[in-house]
Amino acid sequence: MKNKMTLSNSKDKIQRDGLNKWWSKPWFGRGTLQYATGVGKTRCGVLAAAHIAKITNMEARILILTPTETIRDNSWKEEFYKWDEGEVFEECVKCICIQTAYKWVGHTFNLIIADEIHNYMSPKFANFFVNNRYQKILGLTAYIDKFKLRILSGICPVIDKVSTIDAEELGLISPFKIYNVPINLTPTELSDYNKADKTFNSLFPYFNKDLKLMFACMNKNRYNYFLQTKGEVLDERNASYPFICNAAMTKRKNIIYNAHEKLKAVKIISNMNLEKKAIIFSQTIDFANKVTEQLDNCVSFHSKISKKKRIENLDLLKSGNSITRISTAKALNEGMNVPDISMAIIASGTSKTKDMIQRIGRAVRWEDGKQAIIYRIYVENSQEEKWIASSQEDYNVELFNINEYENNS
């Protein structure tokens, strides 16, 4: 088994090799490291910042862009001090959320560290990189989809990669297993789901099965233009199509996200693994709160809780006393570092590979002897079954029969 010193040396080599690629030509300080959670993206940022700070005699202007306040206020400062670079952080570094920074114009920096850079590859947020000046930029991400990759390549191209599967094979993260947990809808939920699904499937082809086009057609002028290309005109018959189609899709999602049997499955899985510290992911705040109510040893973390309370709840989880579960609605996909979490329960997910990688990453940070487990609960014979197929490509997955466990317990 890999000991802590060997692990540290392996990670250090990968990190420094990646930074050498970043520093060397033809990129020379402009590039993105696409590293799985646990490989050490944040340390790469610290090493890059410390190098720039020292060659400028601690006069560098270094900006760290973050996607959330949690990462902005906690993660980076802790990491700089962890690696004995607290002085660099205090003297040279400013952390700012992209939601503020994208409005800036005319600022100049020696180095920009774009943490979770995939979040910034939209026309709106990418304006920051056009409207401000910087000598060097280091992007950090676990995954970026092919559409955002086109924008990224013009700003901060990917120069080195280590996937989650690579990281497990190299022993950089703890070994993990993924279990898919099928559940059924209640009769009422199934009836409502089938109605919404039928409506959506009848109208979606009208928009060439293109979600972006459907959303665009909710604008009257854009819809008029689209209808003209089809040789049609806006009338009483088709005026409501975009809105009905969107409402049906939303209804279908909400039924999946909040399915009654999912709550029962979360509780069973949690009780099966009481010795493990866990994070439970949902897609809605309402469901995340219901999970917390069901589990005695659980706290919530989402946008409807005050910043002070979110910090308190994270501290309760980290303390490892009576609280061993945290229930979140997407808010902790990125940026949380609690090494002793060894189980993730994904009560609801999406079709995005990025979301799956990030959620796995919360549970697989390396610890000696740790075996991480990821349970993904989904509604059988529904759209969600298609989502898991697309987001879990390349992973070895086993089925877990929750009903069999419930009947035998």
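Can you name the number of the only condition in (1) more than 28 Å from N119 (Cα to Cα); (2) at pLDDT 90 or above; (3) open to solvent by 10 Å² or more (accessible area, probe 1.4 Å) that V299 fails?
Every condition holds for V299 apart from (1).
Quick check on region 1-29: of everything there that is touching an Asp or Glu at 6+ places or on another chain (Cβ under 9 Å) and open to solvent by 70 Å² or more (accessible area, probe 1.4 Å), which residue is modelled with the highest pLDDT?
Filtering first and then ranking leaves K21.
Which ranges mark the helices (runs of 4 or more DSSP H) fully within region 266-371 that have 1 or more residues being closer than 23 Å to K77 by Cα?
On the way: elements: 285-294, 307-319, 353-361.
Result: 307-319, 353-361.
Counting only residues that are surrounded by fewer than 17 Cβ atoms within 10 Å (Cβ to Cβ), within 30 Å of A278 (Cβ to Cβ) and either in contact with a His (Cβ under 6 Å, 6 or more places away or on another chain) or not charged (D, E, K, R) (or both), how many does region 155-178 have? Before you say what the answer is, go through the steps one by one.
Restricting attention to region 155-178, the residues satisfying the condition of being surrounded by fewer than 17 Cβ atoms within 10 Å (Cβ to Cβ) are 157-158, 161, 163, 165-166, 169-171, 175, 177.
Of the ones still in play, those that are also within 30 Å of A278 (Cβ to Cβ) are 161, 163, 165-166, 169-171, 175, 177.
Add one more test, that the residue is either in contact with a His (Cβ under 6 Å, 6 or more places away or on another chain) or not charged (D, E, K, R) (or both), and what stays is 163, 165, 170-171, 175.
Result for region 155-178: 5.
State all residues of region 81-100 that are out of contact with any strand residue (DSSP E or B) (no Cβ under 7 Å at 6 or more places or on another chain) and under 13 Å from I113 (Cα atoms); if no residue qualifies, say none.
F89
I'd like the residue in region 60-107 that is modelled with pLDDT under 95 and among the basic types (K, R) and, out of all such residues, is nearest to N132 (Cα to Cα).
R72
Can we say I117 is under 20 Å from the mean Cα position of the chain (by Cα), modelled with pLDDT of 95 or more and farther than 19 Å from R16 by Cα?
Judged against the criteria, I117 is a match.
Can you pull out the residues in region 232-241 that are open to solvent by 70 Å² or more (accessible area, probe 1.4 Å) and either touching a helix residue (DSSP H, G or I) at 6+ places or on another chain (Cβ under 7 Å) or more than 20 Å from K198 (Cα to Cα) (or both)?
The answer is V233, E236.
Against the definition (farther than 18 Å from N180 by Cβ and either in contact (Cβ under 8 Å) with a residue 60 or more places away in the chain or open to solvent by 10 Å² or more (accessible area, probe 1.4 Å) (or both)), how does I244 come out, yes or no?
Numbers: farther than 18 Å from N180 by Cβ: yes; either in contact (Cβ under 8 Å) with a residue 60 or more places away in the chain or open to solvent by 10 Å² or more (accessible area, probe 1.4 Å) (or both): yes.
In short, yes.
Is it the case, given these coordinates, that T32 is open to solvent by less than 40 Å² (accessible area, probe 1.4 Å), among the polar types (S, T, N, Q) and under 30 Å from K308 (Cα atoms)?
On the way: open to solvent by less than 40 Å² (accessible area, probe 1.4 Å): yes; among the polar types (S, T, N, Q): yes; under 30 Å from K308 (Cα atoms): no.
The answer is no for T32.
Could you check Y223 against (1) touching a Pro at 6+ places or on another chain (Cβ under 9 Å); (2) open to solvent by 20 Å² or more (accessible area, probe 1.4 Å) and say which number it fails?
Single failed check for Y223: (2).
Give region 80-110 a look and list any residue that's in a helix (DSSP H, G or I) and surrounded by fewer than 19 Cβ atoms within 10 Å (Cβ to Cβ), or say none.
The answer is Y81, K82, G86, E87, E90, E91, Q99, T100.
The values are calculated or read from the model by the stated rules, or taken from the named source; none is laboratory data. All values reported here derive from a predicted model rather than from experimental measurement. All Cβ positions, even for glycine, are placed from backbone atoms using ideal geometry, and neighbour counts span all protein chains on display. Surface areas here come from the heavy atoms of the whole protein model, side chains and all, with no ligands, DNA or RNA. Shrake-Rupley method; radii C 1.70, N 1.55, O 1.52, S 1.80 Å.
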